[in-house]
Amino acid sequence: MDRSSRLSGFYQYSPEERLRIVAEWADLTEDEVATLRQGLSVAQGDKMIENVVATHGLPLGIAVNFLINGRDYLIPMAIEEPSVVAGASYAARLARAGGGFWTESTEPEMIGQIQVLGLDDLHAARERLLAARQRLLALANEQDPVIVRLGGGARELEVRLLDDTPAGPMLILHLIYDCRDAMGANTVNTACEALAPLVEEISGGRVRLRILSNLADRRLARARTVIPVEALARPEDGFSGEDVAQGIVEAWAFAAADPYRAATHNKGIMNGVDAVVMATGNDWRAVEAGAHAYAARSGRYTSLTRWGRDAEGNLVGSIELPLAVGIVGGATRVHPTAKLALKILGVKSARELAEVIAAAGLAQNLAALRALAAEGIQRGHMRLHARQVAIAAGASGELVERVAARLVAEGQVRLDRAAEIVAELASGE
Ligand code: MEV
């Protein structure tokens, strides 16, 4: 089978037909296909969290057209919001015109924080802790021999002095820990807790918190795309490629300069990021916290992406954000859909997953800025929203598209009108 992710007209198939295409693409067995159809069972959910009474489903869509570092990907996205999967697929098609996305990432290093209080001389305590570096790192590495054997483990210590906090001066010890293919929260927290008594002994202070930081700014993923201006043209809406490219750069400049706009701009990026993070069973709150803290790292909250033009006039976009995600541990291997989402993606490491997610975030931003800078966001939204309204009004099967089309044509995407149309079409058949 041709392994291109450029699946033209994928959206026109039924869910079952799409599932068959994806199954063939990703070599899923019949059992795996059945598992995808079924999703998480109550018994499985009961092993994940407390007081379970049911499971809560979300649609799992597949973003198509992604070409990343020369390789084709189908990207599973779990999300309740219409337009996100369609937007990502459309933007990936635009990016394809220039060769797709190019990505890179840092080593998967997380930061664990140990808070030390009650010190008379912060500077002297710092010197003593740094002098004991080898001992502390060795103790941290004793906690998880498996990750050390896999090439991860404690890498470095850093000391930060907070001279003036509401609770007085404090010393913060950062344990830099390479988590390899795990998200790493448990490993890092365990290591921090294990180090605490020795940190107290060496520093002469009192340890309070021992917990990882979600500002994972040593675990960054980057993606970049270069799009020929002609690919951006929308003659049907009266926009030349030049207009659209210029519009995207101006829209980005707004977010770069204004936190009110940057919050919405980054929310659009996180539509793409979170949907993949959720599909793969990763901790989207951790990723959200990291992304927004990183966006504010200069002291002023700003855009996670950049858009500009290169010397040939092509539109050039890039993103950089912390992405603490794993492909082992947590729900990634326990949640049946997450496990299969990883198989569909075909990623071989946490870094590769983070890079794919960065590309999805950049694509989502491109889709949003393109629409906002040209015809506006509502038209596409309304088309998709109309389908949901049609279903809510009782339409099913091919009636859904017919009712939705009427709602859009009439410019009234409302439940009461949808119910009238459903009744009219149903009685006419
Ligand atoms: C909506 O979920 C996301 C957008 O608001 C993002 C943006 O404004 O860039 C469309």
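Looking at G376, G380, G397, which one is more than 13 Å from the ligand (Cβ to nearest atom) and surrounded by fewer than 24 Cβ atoms within 10 Å (Cβ to Cβ)?
Working: G376 fails: more than 13 Å from the ligand (Cβ to nearest atom); G380 fails: more than 13 Å from the ligand (Cβ to nearest atom).
After ruling out the rest, the residue left standing is G397.
One residue alone among A324, A291, A279 is at pLDDT 95 or above and either among the hydroxyl-bearing types (S, T, Y) or within 25 Å of T35 (Cβ to Cβ) (or both), and that residue is A279.
Would you mind stating whether A286 is away from the ligand (no atom under 16 Å from the Cβ), in contact with a helix residue (DSSP H, G or I) (Cβ under 9 Å, 6 or more places away or on another chain), farther than 21 Å from A88 by Cβ and of a type in the set (G, A, S)?
Working: away from the ligand (no atom under 16 Å from the Cβ): yes; in contact with a helix residue (DSSP H, G or I) (Cβ under 9 Å, 6 or more places away or on another chain): yes; farther than 21 Å from A88 by Cβ: yes; of a type in the set (G, A, S): yes.
Here the answer is yes, as A286 does meet what is asked.
All of V356, V389 fail the test of being among the β-branched types (V, I, T), in a helix (DSSP H, G or I), modelled with pLDDT of 95 or more and more than 16 Å from the ligand (Cβ to nearest atom), apart from V356. If you go through segment 316-353 one residue at a time, how many are within 16 Å of the chain's Cα centre (by Cα), assigned to a loop (DSSP other than H, G, I, E, B) and either among the β-branched types (V, I, T) or crowded, with 23+ Cβ neighbours inside 10 Å (or both)? Here the count works out to 6.
Among the residues of segment 254-275, those that are more than 19 Å from S83 (Cα to Cα) and either hydroxyl-bearing (S, T, Y) or away from the ligand (no atom under 13 Å from the Cβ) (or both) comprise A257, P259, Y260. Could you please find all residues in segment 414-429 being at pLDDT below 90 and either within 30 Å of A233 (Cα to Cα) or part of a helix (DSSP H, G or I) (or both)? Of everything in segment 414-429, those that are at pLDDT below 90 and either within 30 Å of A233 (Cα to Cα) or part of a helix (DSSP H, G or I) (or both) turn out to be A426, S427. Within segment 155-193, restricting attention to residues that are in a loop (DSSP other than H, G, I, E, B) and among the small types (G, A, S), the residue that is surrounded by the most Cβ atoms within 10 Å (Cβ to Cβ) is G184.
Just need a number here: residues in segment 222-263 that are part of a loop (DSSP other than H, G, I, E, B) and either closer than 15 Å to Q364 by Cα or of a type in the set (G, A, S) (or both).
Keep residues of segment 222-263 that are part of a loop (DSSP other than H, G, I, E, B), which gives 228, 233, 238, 240, 258.
Next cut, either closer than 15 Å to Q364 by Cα or of a type in the set (G, A, S) (or both) only: 233, 238, 240.
Selection size over segment 222-263: 3.
For the subset of segment 68-87 comprising residues that are more than 12 Å from the ligand (Cβ to nearest atom), touching a residue at least 60 places away in the same chain (Cβ under 8 Å) and not in a strand (DSSP E or B), which member is nearest to V347 (Cα to Cα)? The qualifying residue nearest to V347 (Cα to Cα) is N69. Screening N51 with (1) part of a helix (DSSP H, G or I); (2) over 30 Å from R387 (Cα atoms) gives one miss only, at (1). From the list R414, R383, R387, R351, the lone residue that is under 30 Å from R71 (Cα atoms), among the charged types (D, E, K, R) and in contact (Cβ under 8 Å) with a residue 24 or more places away in the chain is R351.
Candidates in segment 130-154 are the residues that are β-branched (V, I, T) and in contact with a helix residue (DSSP H, G or I) (Cβ under 7 Å, 6 or more places away or on another chain); of these, the one that is surrounded by the fewest Cβ atoms within 10 Å (Cβ to Cβ) is V148.
The values are calculated or read from the model by the stated rules, or taken from the named source; none is laboratory data. Predicted model, so just to flag it, every value in this text is computed and none were measured. So basically every Cβ, Gly included, is an ideal-geometry build from the backbone, and we count neighbours across all protein chains shown.
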